[in-house]
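So the structure is just underneath, and the comments pick up after that.
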Amino acid sequence: MLTPASNETACRTVLDYLRAMEARDLDVAQGFLAAGAVLVFPGGRRLTSVHEVAAGSARRYRHVAKTIDRCEAWPTADGVSVLVTGTLYGEWADGKAFDGIRFMDLFDLADGRITGQYVLNETAEFAIKRNSGDLGSVS
């Protein structure tokens, strides 16, 4: 059973990983991943290292960061799952600012290391609106 302390530990692990990714401290971030970890991004892109993630992000963003609203953890048959929700903000590759893009990241952890990350976000929706000129609330 997951205790409040182990819930906090699992969330701390994931949030420390996300902070390392945001700071582009890739060696530290990679250290949070278990051997064979799979990182799945929108469009079904399956990556296996944080260096691949950073390379893919560099084509989309000058900078991207997360405002965390929630972190929840629960036990699974193989370890712990952690859900992180919030919003993205930063700059697109062309230098235009954005914020308020909702995201959800689901993580699987075993023995304190990340074995899977499953990313869902609305960046495509924001890009479509931006490209069509229908900015609405899009920054």
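If you take every residue apart from residue 83 with its C-beta less than 10 Å away from the C-beta of residue 83, what net charge results, scoring Lys and Arg +1 and Asp and Glu -1?
Details: positive: 70; negative: 72, 105.
Every neighbour counted, the sum reads -1.
Which net charge results when you count Lys and Arg as +1 and Asp and Glu as -1 among the other residues whose beta-carbon is under 14 Å from that of residue 59?
0
Just to confirm a number: summing +1 for Lys and Arg and -1 for Asp and Glu over residues other than residue 48 whose beta-carbon lies under 15 angstrom from that of residue 48, what do you get?
Charge balance near residue 48 sits at +1.
Using the per-residue mean of other Cβ atoms lying within 10 Å as a proxy for protection, in what order, highest first, do the peptides 84-90, 21-27, 98-104 fall?
84-90, 98-104, 21-27
Given that just one value was derived from the coordinates, which of [x] 11, 32, 22, 11, 8, 7, 5, 3, 1, 0; [y] 11, 37, 34, 15, 3, 0; [z] 12, 42, 32, 12, 2 is P(r) over Cα pairs in 10 Å bins from 0, in percent?
Only one listed value fits the structure, namely [z].
Values quoted throughout were computed directly from the atomic coordinates according to the rules given, and no laboratory measurement underlies them. In this text the structure is predicted, and so the values were computed from the model without any measurement. Please note: Cβ atoms are built from the backbone with ideal geometry, for glycine as well, and neighbour counts cover all protein chains shown.
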